[in-house]
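The values are calculated or read from the model by the stated rules, or taken from the named source; none is laboratory data. As the structure is a computational prediction, the values presented were derived from the model and not from experiment. Note: ideal-geometry Cβ built from the backbone for every residue, glycine included; neighbour counts use all protein chains shown.
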Amino acid sequence: MQVAVIGGGQCDARVWKMARELGRRLAEEGHITICGGLGGVMEAVCCGAREAGGLAVGILPGEKDEANKFVGISIATGMGYARNVLIVKSADVIIALPGEYGTLSEIALALKMEKRVINLKSWSIPGALDAKDVEEAISFL
């Protein structure tokens, strides 16, 4: 399954640890991780995926050289935030971690596209499944 992990381009140590664990667990389950390819939550989830031998795809707002060092496949779009549509459209399921309005836009797009959204300490929105921790988020896949 292709799982988009969305969240802030900056995050605190608690969220970094959670995102890294999520990336690791997704890889262990055999899933491909899709994200925006930059820092914060995106870098942490890619780090975890790589550590577990998994694949992380970064769909970038600009050029390939913007990707964090843990991205396995970089897709340059030159689209800025409009690339959020590609992230969501490419995924079977979306897991949302804490983030700002870019994350909120991805959640809204996913719900509009009738994709399953799993909220992991992010925006709590009707239609999304609220997970209390990484293991519960994985169980919702």
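Before moving on, here are some points about what is shown:
- R20 meets the conditions (1) over 15 Å from N68 (Cβ atoms); (2) out of contact with any Ser or Thr (no Cβ under 9 Å at 6 or more places or on another chain); (3) not aliphatic (A, V, I, L, M) in every case but one. The failed one is (1).
- Matching residues, the range 1-35, being free of Cβ contacts under 8 Å to residues at least 60 places away in the same chain and crowded, with 24+ Cβ neighbours inside 10 Å: G23, T33, I34, C35
- Restricting attention to the range 62-109, the residues that are in contact with a Ser or Thr (Cβ under 8 Å, 6 or more places away or on another chain), in contact (Cβ under 8 Å) with a residue 40 or more places away in the chain and of a type in the set (S, T, Y) add up to 1.
- Which numbered condition K132 fails, given (1) within 17 Å of G62 (Cα to Cα); (2) part of a loop (DSSP other than H, G, I, E, B): (1)
- Residue count for the range 57-105, restricted to those that are of a type in the set (V, I, T), closer than 19 Å to R116 by Cα and over 11 Å from the mean Cα position of the chain (by Cα): 1.
So that you can scan it fast, the table gives a plain yes or no per residue for (1) closer than 22 Å to A108 by Cα; (2) of a type in the set (D, E, K, R); (3) outside any helix (DSSP H, G or I):
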| position | (1), (2), (3) |
| --- | --- |
| V3 | yes, no, yes |
| Q10 | yes, no, yes |
| A44 | no, no, no |
| G54 | no, no, yes |
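- Complete set of residues in the range 74-95 that are in contact with an Asp or Glu (Cβ under 8 Å, 6 or more places away or on another chain) and assigned to a helix (DSSP H, G or I): N84, I87, V88
- Among the residues of the range 60-73, just one is buried (at least 16 other Cβ atoms within 10 Å of the Cβ) and in a helix (DSSP H, G or I), namely E66.
- Evaluating G48 against the criteria (1) of a type in the set (G, A, S); (2) closer than 12 Å to Q2 by Cβ; (3) in a helix (DSSP H, G or I) leaves one unmet condition, (2).
- When A91, A76, A108 are checked against the criterion of being under 21 Å from L26 (Cα atoms) and either surrounded by 15 or more Cβ atoms within 10 Å (Cβ to Cβ) or modelled with pLDDT under 95 (or both), a single residue qualifies: A91.
- Just one of the numbered conditions (1) small (G, A, S); (2) surrounded by fewer than 18 Cβ atoms within 10 Å (Cβ to Cβ); (3) under 20 Å from D12 (Cβ atoms) is not true of A96: (2).
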